[in-house]
1. If the label point is 7 Å along Cα→Cβ of Lys157, which residues in the stretch 51-73 have backbone nitrogen under 19 Å from it?
2. Just to confirm the filter: which trypsin sites (Lys or Arg not before Pro) across the stretch 36-74 are DSSP coil and have at most 11 other Cβ within 10 angstrom of their Cβ?
3. For the stretch 55-167, report the % of Cα-Cα distances exceeding 21 Å.
4. What aspartates and glutamates sit close enough to Lys128 to cross-link, taking a C-alpha to C-alpha distance under 16 Å and skipping anything fewer than 8 places away on the same chain?
5. Give me the accessible area of Thr79, 1.4 Å probe, in Å² rounded to the nearest 10.
6. Which sequence of Ile135, Ile57 reflects their accessible areas, 1.4 Å probe, from the largest down?
7. Would you compute the Debye intensity of the stretch 30-108 from its alpha-carbon atoms alone, equal scatterers and no solvent, and pass along log10 I(q)/I(0) at q = 0.24 Å⁻¹ to two decimals?
8. Given R₀ = 45 Å, what would the calculated FRET efficiency be for Lys106 paired with Asp26, taking r from the Cβ atoms and rounding to 0.05?
Amino acid sequence: MKRLAPWLLCAGVLLSASPAGAQDSDCDFDQAYFAKRMQQVAARHGGRLDAATGTAIWKLRNGETVTVASGGCVHYGTTVSLVYAPGAPAPSREVAIERLFAAVSKYWQPAAARRLQALVQAGVYATKTLDDGSIELVGSLEPGESFSFEYRLVLGKHEVRISWEEA
């Protein structure tokens, strides 16, 4: 359950971007725009939109699943995950990260993938082992500033995912 806590918080922020969440609070961002944008994102490459969460989902031929969630009310954030095929072993760290950034590029934004990949390759991040054995890399999107946004990349047994906030 502790493994899910940071992601439940992130999901809560992203869920507030859904039409249901928009009715419950005042948001700094245009929720109707987010909903329309995520519909367009999901339609690319034959994906679908989970209407309840506003998450775009693609089931790949190799049994893997890619998901993209993006939105927010006070902070704008995005999470892209690649869930491995059921029963498939996790690839090496390098391969998992490479495949994750390929998914970010194809299913979200090539520019975001290049930016995040460069930060990870620079190796300026803190590494932490989570309770379930997953490895979390946490780095700054704007190294050296007194306040900056972060990215979180998690390498797990069943998936690899990255979340980041944007200004």
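The values are calculated or read from the model by the stated rules, or taken from the named source; none is laboratory data. Predicted model only: the values in this text are computed from it and were never measured. No Cβ is skipped: glycine too gets one built from the backbone with ideal geometry, and neighbour counts run over all protein chains shown. For accessibility, only protein heavy atoms count, side chains too; no ligands or nucleic acids. Shrake-Rupley method; radii C 1.70, N 1.55, O 1.52, S 1.80 Å.
1. 64-65
2. Details: sites: Lys36, Arg37, Arg44, Arg48, Lys59, Arg61; in loops: Arg61.
The qualifying sites are Arg61.
3. Numbers: 2155 of 6328 pairs.
Here the tail beyond 21 Å accounts for 34 percent of pairs.
4. Hits, sequence-local ones excluded: Glu136, Glu150.
5. 20 Å²
6. Working: Ile135 45, Ile57 25 Å².
Highest to lowest solvent-accessible surface, that is Ile135, Ile57.
7. The calculated log intensity ratios at q = 0.24 Å⁻¹ are -1.14.
8. Numbers: r = 34 Å, r/R0 = 0.77.
That gives a FRET efficiency of 0.85.
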